Amino acid sequence: MSNRKKVLTGEGLLHFFEMHGRWGDTVYRQKRNGETEEYDYIYIPPSGESPLKMRTQVINSFANTVSNPQYQGYSNILRKLYYYTPYFITPGNYQLLAQTIFYIRETDIYTLLLSGQAGFSWQQKLFKRTKVNLSFNAEGEYVLIVYKGQDVDEYCRRKFIVLEDGADIKAAYSEYLNEYLAEILQKEELGFDRIKNYQRGLAPKTNLILGISGTYRGQVFYQRRNSKITFLRANYDHSANSQTQLFKQQKAAAIISWNGETEEFKRNWERKFNIWYARNYRIINWMMTPFMWYVSNYLRI
């Protein structure tokens, strides 16, 4: 069988590409020392909703009402919302990932100072993927200040507001963000380095075949502009994702609303869109149409 035939049937990919990440039932990984390894993929089902997951859902949804992911500056707004918004949680035990919650980028000995009803401090060696175990048993406000090594200036600080059992955490976040949005956006820019993502996909070994696209064995292969990597992801079933289902319902309602508008309204809307687009096209990452602008504004309502 020719090499070309092998590629077309999904075989021989490893002959032309270096694999990084999961492909089928196998995970391919390259260590920092250059060695490669592979092991069986083990599926771990989602654990359901938790206070930390609800925080992500609410902040992402709220950020989309403030700006648009297509606009320049959106990521800075999102970073400020994540850092300056307190954690609303209920009593319980929590494992807090160092790199995402405490912005740990370098391995070191850190001093953690927890204030509250019973303030105390401790030292701990933190890696990026270290999970800090904390227990919150009483309602109230707690501030956790992190110091790096021998530095006297604080590295970061996080605020935790413990609500009563059964409290509506999403409502607490929404109320806080609506009240303090202007104050958050005026705060200084964050100086933390961004997390370096491990690129998962196919890196070409030769100049003969630089990339592929399509669906194979339940995975989608695709390419991005100015990237030498062919990315791959699972062909997800979004039926269980509440955020996706809500978006689909709202988008369907927006389409019905657009179809119900008069021709005169659509002509006026197109004129407004052309004025708006002429002022904003430089900060938009891709093309937009009057209809897309209508749906975008409809979803913000």
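Odds and ends about this structure:
- Lone qualifier among R79, R105, R157 - being over 19 Å from the mean Cα position of the chain (by Cα), of a type in the set (K, R) and either more than 18 Å from T56 (Cβ to Cβ) or outside any loop (DSSP other than H, G, I, E, B) (or both): R157
- Some residue of the stretch 115-136 being β-branched (V, I, T) and in contact (Cβ under 8 Å) with a residue 24 or more places away in the chain: yes
- Among the numbered conditions (1) under 27 Å from R105 (Cα atoms); (2) surrounded by 12 or more Cβ atoms within 10 Å (Cβ to Cβ), the only one that Q186 does not meet is (2).
- Residue in the stretch 267-301 that is farthest from N68 (Cα to Cα), counting only those that are at pLDDT 85 or above, charged (D, E, K, R) and exposed (fewer than 14 other Cβ atoms within 10 Å of the Cβ): R267
- Whichever residue in the stretch 28-56 is out of contact with any helix residue (DSSP H, G or I) (no Cβ under 9 Å at 6 or more places or on another chain) and in a strand (DSSP E or B) and, among such residues, is surrounded by the fewest Cβ atoms within 10 Å (Cβ to Cβ): D40
- Of the residues making up the stretch 16-68, those that are more than 30 Å from F160 (Cβ to Cβ) and among the small types (G, A, S) are G21, G24, G34.
- Some residue of the stretch 71-93 being out of contact with any Leu (no Cβ under 9 Å at 6 or more places or on another chain) and of a type in the set (K, R): no
- Out of Y180, Y173, sole residue that is modelled with pLDDT of 90 or more, crowded, with 16+ Cβ neighbours inside 10 Å and not in a loop (DSSP other than H, G, I, E, B): Y173
- When the stretch 79-130 is limited to residues that are in contact with a helix residue (DSSP H, G or I) (Cβ under 7 Å, 6 or more places away or on another chain) and surrounded by fewer than 13 Cβ atoms within 10 Å (Cβ to Cβ), the one that is farthest from N197 (Cα to Cα) turns out to be F127.
- Screening E164 against (1) under 18 Å from L126 (Cβ atoms); (2) touching an Asp or Glu at 6+ places or on another chain (Cβ under 8 Å) leaves a single unmet condition, (1).
- Looking only at residues in the stretch 57-76 that are free of Cβ contacts under 8 Å to residues at least 60 places away in the same chain and not in a helix (DSSP H, G or I), the one that is surrounded by the most Cβ atoms within 10 Å (Cβ to Cβ) is S67.
The values are calculated or read from the model by the stated rules, or taken from the named source; none is laboratory data. Note that this is a predicted model, so its numbers are computed, not measured. For neighbour counting, all protein chains shown are included, and Cβ atoms are generated from backbone atoms with ideal geometry for every residue, glycine included.
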